[in-house]
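Visitor: The following block contains the structure, expressed as structure tokens.
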Amino acid sequence: MKLFDVYPLFPIEPVRAQGSWLWDAEGKKYLDLYGGHAVISIGHGHPHYVRMLKEQLDRIAFYSNSVKNSLQEQLSEKLGRLCGYPNHSLFLCNSGAEANENALKLASFVTGRKKVIAFKKAFHGRTSGAVAATDNAKIVAPFNAGHDIIFLPLNDREAIRQHLDEQVAAVILEGIQGVGGIHVPDDSFVSFLADEAKQKGALLILDEVQSGYGRTGRFFAHQFANIVPDLITIAKGMGNGFPVGGVLIHPAIRPWHGMLGTTFGGNYLACAAALAVLDVIEEENLMANAEQLGTFWMQELRKMPAITQVRGRGLMIGFDLPEHWRHLRQELLQEHRIFTGEAKPNTVRLLPSLAMTKAEAERLLEALHTTINQPLHA
Ligand SMILES: Cc1ncc(COP(=O)(O)O)c(C=O)c1O
């Protein structure tokens, strides 16, 4: 059987990883500033993470959600404390799309409505509701297109006033738009949106799948706007590579047995991975590191005349280049062995581990200096 060929592949196969580094079979070493798409939060192969998973595997790896699982309780307690929402509840699932699918479903259950407002350039995943709320017609099949969803421009208050009415179940917004090219919503717009949604009885879903888990220097990107969303979705950095996702649910939303469910969500290994990640974020002060190195990178990138725009917060950064530099990412990989992310047409995305060091951050600046021939410290 062949693999279903849906991914354009780099001709590189990492076989080993540690911290911010990857090695291929020939021993070539690569700096990972992409984090496997914002997934590697605490660094590859962190010893605490590896030990927690190995020890859990020796005890019990899986049983169903029909029995008590204290690891889930430990995880929700620790997550609630670290993220600043101790009174929200946690529903555990396996991926970002699944988290958004469950959040949309919850909003619809709670309000009895089905209309959803999403934003231009949004990405929320590939499952039916999540992909329908994604602003990319190419990946929406006719089967997914029956949802009642409209896309409004980000930061446009007038559009919200016009369309956010008593028919709307949910407004779904990324903490920072990732796949769309690193677009940070204005804090004042986010707080306006939260007020408007509340007035109309619609729920506000903050998709923090990519922007959450300390990446911006705060636990969640929306915390810069001082709002409390009804639903917050998480995945990516949560398991540092182990598949796990979740929905944080406002205490006003009441559960009933059977309302949501999943076979694998919250399994023992996923909880062990997620607990290890939180331990390391807390003990190694990774949010402060993300904030400091993100500020350093953005300051230095803004000094480079060839770069037309730099956007982001903490270690979620995008920078734009003119058309003739569209091959920069390939060049960084081939010449300098540095992995970065992209957003079409010309944005380079930086999503490294939150444990990246300053020396590693400087490697990128040196490579850019050589490649686009700009002064390093203008
Ligand atoms: C903001 C956002 N939401 C949801 C998803 C979907 O997550 P997953 O691929 O785990 O389903 C992504 C993935 O890139 C994302 O960036």
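Laboratory data are not the source of any read-out in this text; all were calculated from the coordinates shown. Bear in mind that the values here come from a model prediction, so they are computed numbers and not experimental data. FYI the Cβ positions are ideal-geometry reconstructions off the backbone, even for glycines, and counts take in every protein chain you see.
Visitor: Please state which one of 230, 207 is more than 12 Å from the ligand (Cβ to nearest atom), in contact with a His (Cβ under 6 Å, 6 or more places away or on another chain) and touching a residue at least 40 places away in the same chain (Cβ under 8 Å).
Guide: Testing whether each residue is more than 12 Å from the ligand (Cβ to nearest atom), in contact with a His (Cβ under 6 Å, 6 or more places away or on another chain) and touching a residue at least 40 places away in the same chain (Cβ under 8 Å) leaves just 230.
Visitor: Residue 205 fails exactly one of the following numbered conditions: (1) within 22 Å of the chain's Cα centre (by Cα); (2) surrounded by fewer than 16 Cβ atoms within 10 Å (Cβ to Cβ). What is the number of that condition?
Guide: (2)
Visitor: Under the condition of being in contact with an Asp or Glu (Cβ under 9 Å, 6 or more places away or on another chain) and not aliphatic (A, V, I, L, M), which residue from segment 346-359 is surrounded by the most Cβ atoms within 10 Å (Cβ to Cβ)?
Guide: My answer is 352.
Visitor: What about residue 32, is it acidic (Asp, Glu) and buried (at least 19 other Cβ atoms within 10 Å of the Cβ)?
Guide: yes
Visitor: Additional query: Of the residues 266, 237, 261, which single one is farther than 24 Å from residue 112 by Cα, assigned to a loop (DSSP other than H, G, I, E, B) and not hydrophobic (A, V, I, L, M, F, W, C)?
Guide: The unique qualifying residue is 266.
Visitor: If you scan segment 320-378, which residues turn out to be assigned to a helix (DSSP H, G or I) and of a type in the set (A, V, I, L, M)? Walk me through it before giving the result.
Guide: Step one: of segment 320-378, the residues assigned to a helix (DSSP H, G or I) are 323-325, 328-336, 358-372.
Scanning segment 320-378 gives 328, 332, 333, 359, 361, 364, 365, 367, 368, 372.
Visitor: Filter segment 188-206 down to the residues that are of a type in the set (A, V, I, L, M, F, W, C) and under 12 Å from residue 222 (Cα atoms) and list them by number.
Guide: Across segment 188-206, the qualifying residues are 189, 190, 193, 194, 204, 205, 206.
Visitor: Looking only at residues in segment 173-202 that are within 12 Å of the ligand (Cβ to nearest atom) and surrounded by fewer than 24 Cβ atoms within 10 Å (Cβ to Cβ), which one is nearest to the chain's Cα centre (by Cα)?
Guide: Per the criteria, the residue is 179.
Visitor: Next up: If you go through segment 156-189 one residue at a time, how many are in contact with a Leu (Cβ under 7 Å, 6 or more places away or on another chain) and part of a helix (DSSP H, G or I)?
Guide: 3
Visitor: Continuing with this model, one more query. Mind counting the residues in segment 240-258 that are part of a loop (DSSP other than H, G, I, E, B), within 16 Å of the ligand (Cβ to nearest atom) and at negative phi?
Guide: Going through segment 240-258 one residue at a time, the tally reaches 3.
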